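What follows is a short report on a single structure.
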Amino acid sequence: MVTDHRTGQSPPATPPSGAAVGLTIFAGIVMITVGMFQAIQGIVALFNDTFYVVGQKWTFSFDITTWGWIHLLAGALLVVAGFFLFQGAVWARVVGVGVAIISAVLNLMWLPYYPVWSMLIIALDVFVIWALTVHGRDVAK
């Protein structure tokens, strides 16, 4: 805590900027939406192994059921981190960036199974990362 050496009082706290709050809310909404998309993608992979068809063989060729569990877990993490962003938890911003990075990498590996959808999710993850990092400490309480 910084104090004024002349008065011995700490300076008044500046409220977070409206843009920082708006982008954090945007990131939370997109994280919850992407998390639900990921979870649905995982559930489809778990219950219908033949829905996703691989066009080309890539290095990351897991069983569809394994991919289903991976997407379901990543989706749940995104939804939880997005929810805690609305609670104002600063740690949720850090976790949100980390989970969005993991989601983007997972969808890069998922490209041979569902390319257009994967690119859409990667783009949304990039927007989330940008929205959570653009204002730095402006949103901190």
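What follows draws every value from the coordinates through simple rules; no lab data is involved. From a predicted model like this one, the values you see are computed outputs, not experimental measurements. Quick reminder, even Gly has a Cβ in these numbers, built from the backbone with ideal geometry, and neighbours come from all protein chains shown.
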> With r defined as the distance between the Cβ atoms of Val53 and Val21 and R0 fixed at 35 Å, what FRET efficiency is calculated, to the nearest 0.05?
Replying inline: 0.20
> To the nearest 0.05, what FRET efficiency results for Gln87 and Met36 with a Förster distance of 22 Å applied to their C-beta separation?
Replying inline: 0.75
